[in-house]
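Trainee: Dropping the structure in here first, questions after.
The values are calculated or read from the model by the stated rules, or taken from the named source; none is laboratory data. Computed from a predicted model, the values in this text were never measured in an experiment. Ideal geometry is used to build each Cβ from the backbone, glycine not excepted, and the neighbour counts take in all protein chains shown. Protein only, heavy atoms only, side chains kept; ligands, DNA and RNA dropped before computing areas. Shrake-Rupley method; radii C 1.70, N 1.55, O 1.52, S 1.80 Å.
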Amino acid sequence: MSLFDKFSTLQQTRQALLQGGVSPFHLTVEKILSPTEAIMNGCHTILVGSNNYLGLTFHPECIQAGRQALEQEGTGTTGSRMANGSFAAHGHLEQAIADFYGLPHAIVFSTGYQANLGILSTLAGSGDIILMDADSHASIYDGCRLGGAEIIRFKHNDVSDMEKRLRRLGDRSARTLIVVEGIYSMLGDRAPLADMVGVKKQYGATMVVDEAHSLGILGKNGRGLVEEVGAEQDVDCIVGTFSKSLGSTGGFAVSHHSLFDMIRYASRPYIFTASPCPSVVATTTAALRVVRQHPELQRQLWDNANRLYNGLKTSGYSLGAEVGPVIAAMIPTKELALAMWQGLLENGIYVNLMIPPATPNGECLLRCSVSAAHTEKQLVHIDRTFQNLKEKFLP
Ligand code: PMP
């Protein structure tokens, strides 16, 4: 039995599910045409699963900034900020994020995944406790494990379960880090943050909120769920990613704590990896500026999200509880979900097929992510196709 033998079970499971047809796990974007269109599987396809919430990947200001940085600063940084030094643009981006949140400290990471690894593993280590929502993203799970803290999970979005577990910790609640997300990536529901913050304060715990899917989307200024519920002074740290609404790559963390900056000197996922390359830093900084200058993008996203959510609901789909940029249709079985996913693709629509173990409660999902850049015509086509597939597969 070699180390590779275990993968044959995985291979068999995948083959049994696929049995011909296009594989959702091997699909290639043959040519990207715009924030919402690509050639996939040889066909013109509308992208409804790319998390490009504000449609900024082709924004002229971002492209121009990236091009200029590429020409002036080269293709890469070839090392970490600790070893090679920071480029001035890394500091400018951190300042821009801190300004955006109105908070004094910001740290940029090379990806959102690493932001969670870097913050969670450094804040909570051996002897500390992490109290996390059971439906957290994989990067949160991995970040919690990396630091060696004791991990306790509470039922998804269940404030009383969270409170019960904090209470049981007694004095140790003061050494507890609570981790939740703004908008959850699979079903698009939100943390009941105002109530959670109340409990957190009562027990003297620390709280991190991952706003990966809510930056630029919730809150009057796009500062996420924390802004929307007015908890900016009560949450200890916000983490997020540049890879969704900002159309770039990278991650960040912001905080009002005076010692926050020290995390840089203790966080292995910050220290031991190459810093973001100049063009990425430049496109991200430009995208943040665009978000601030164009609040109409957020409004357009919400118009589109309401439209798609209501359309799918009218067709009879079971959806996540809340309207938002993530709209997931729950499909009874893996086989049906795959057949419907293939049906969407044949009609020129790409969504995410999400199946266990990547999903909460073993759900099979056709997960859509809505963009401000989706047009009326595209939304009509998406809506009608979902309606036809519902009649065909789930009468
Ligand atoms: N947190 C959440 C909630 C996410 O959904 C994701 C990405 N899917 C990440 C963090 C990681 O972000 P990145 O893609 O920048 O690594």
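Trainee: Hey, if you put +1 on the Cβ of every Lys and Arg and -1 on every Asp and Glu Cβ in region 1-107, which of Ala96, Thr13, Leu33 ends up farthest toward the positive end of that dipole?
Mentor: Of the candidates, Thr13 comes out farthest on the positive side.
Trainee: Now for a separate question. Might you report the magnitude of the Cβ-based charge dipole of region 60-293 about its Cα centre, with Lys and Arg at +1 and Asp and Glu at -1, to the nearest 20 debye?
Mentor: About 280 debye.
Trainee: Over region 321-390, what percent of the accessible surface lies on carbon and sulfur atoms, probe 1.4 Å? Before the final figure, lay out the partial values.
Mentor: Values: 1320 of 2600 Å².
Carbon and sulfur: 51 percent of the exposed surface of region 321-390.
Trainee: Out of all Cα-Cα pairs in region 38-167, roughly what percent, to the nearest whole number, are more than 21 Å apart?
Mentor: Numbers: 5344 of 8385 pairs.
Every Cα pair in region 38-167 considered, those over 21 Å come to 64 percent.
Trainee: For region 60-293, give the percent of accessible area contributed by carbon and sulfur heavy atoms, probe 1.4 Å, rounded to a whole number. Before the final figure, lay out each step's value.
Mentor: Numbers: 4680 of 9240 Å².
Result for region 60-293: 51 percent of the exposed heavy-atom area is carbon or sulfur.
Trainee: What ranking of Arg165, Arg172, Arg264 comes out by heavy-atom accessible area, probe 1.4 Å, highest first? Write out the running numbers ahead of the final one.
Mentor: Values: Arg165 60, Arg172 105, Arg264 30 Å².
Highest to lowest solvent-accessible surface, that is Arg172, Arg165, Arg264.
Trainee: Follow-up. Mind checking the dipole of the chain: about its Cα centre, +1 per Lys or Arg Cβ, -1 per Asp or Glu Cβ, Debye to the nearest 20?
Mentor: Numbers: 33 positive and 37 negative charges, 84 e Å.
That gives the chain a dipole magnitude of about 400 debye.
Trainee: Give me the accessible area of His156, 1.4 Å probe, in Å² rounded to the nearest 10.
Mentor: Rounded to the nearest 10, the figure is 50 Å².
Trainee: So how strong a dipole does region 289-395 carry about its Cα centre when Lys and Arg Cβ are +1 and Asp and Glu Cβ are -1, to the nearest 20 debye?
Mentor: Result for region 289-395 is approximately 200 debye, rounded to the nearest 20.
Trainee: Rounded to the nearest whole Å², what accessible area per residue is found for region 60-293 with the 1.4 Å probe?
Mentor: 39
Trainee: Rounded to the nearest 5, what % of DSSP beta bridges with both residues in region 100-232 are antiparallel?
Mentor: Among the beta bridges of region 100-232, antiparallel pairing accounts for roughly 10 percent.
Trainee: If you don't mind, another one. Just from its helices, what would the mean residue ellipticity at 222 nm be for the chain, if runs of 4 or more DSSP H residues each count -39500 (n - 2.57) and the sum is divided by every residue, rounded to the nearest 500 deg cm²/dmol?
Mentor: Value at 222 nm, helices only, nearest 500: -12500 deg cm²/dmol.
Trainee: Separate question: Taking a cut-off of 29 Å, what percent of all Cα-Cα pairs in region 60-293 are separated by more than that?
Mentor: Within region 60-293, distances greater than 29 Å cover 24 percent of Cα pairs.
Trainee: Determine one quarter of the surface area of the Cα convex hull of region 252-374, which equals its mean projected area, and express it in nm² to one decimal.
Mentor: For the Cα atoms of region 252-374, the hull's average projected area reads 11.6 nm².
Trainee: For Tyr317, Tyr350, what's the largest-to-smallest order of accessible area, 1.4 Å probe?
Mentor: Tyr350, Tyr317
Trainee: Compute and list, largest first, the equivalent-ellipsoid semi-axes of the chain from the alpha carbon gyration tensor, each √(5λ) rounded to a whole angstrom.
Mentor: Details: eigenvalues 216, 141, 96 Å².
Working through the eigenvalues yields semi-axes of 33, 27, 22 Å.
Trainee: If you don't mind, another one. Just reorder Ile331, Ile32 by solvent-accessible area, largest first, 1.4 Å probe, all chains present.
Mentor: Ile32, Ile331
Trainee: Just to verify a number: FRET efficiency for Phe393 and Glu296, C-beta to C-beta distance, R0 = 41 Å, to 0.05?
Mentor: 0.65
Trainee: Would you tell me the accessible area of Glu232, worked out with a 1.4 angstrom probe on the heavy atoms of the protein chains, in Å² to the nearest 10?
Mentor: Ignoring ligands and nucleic acids, Glu232 comes out at about 50 Å².
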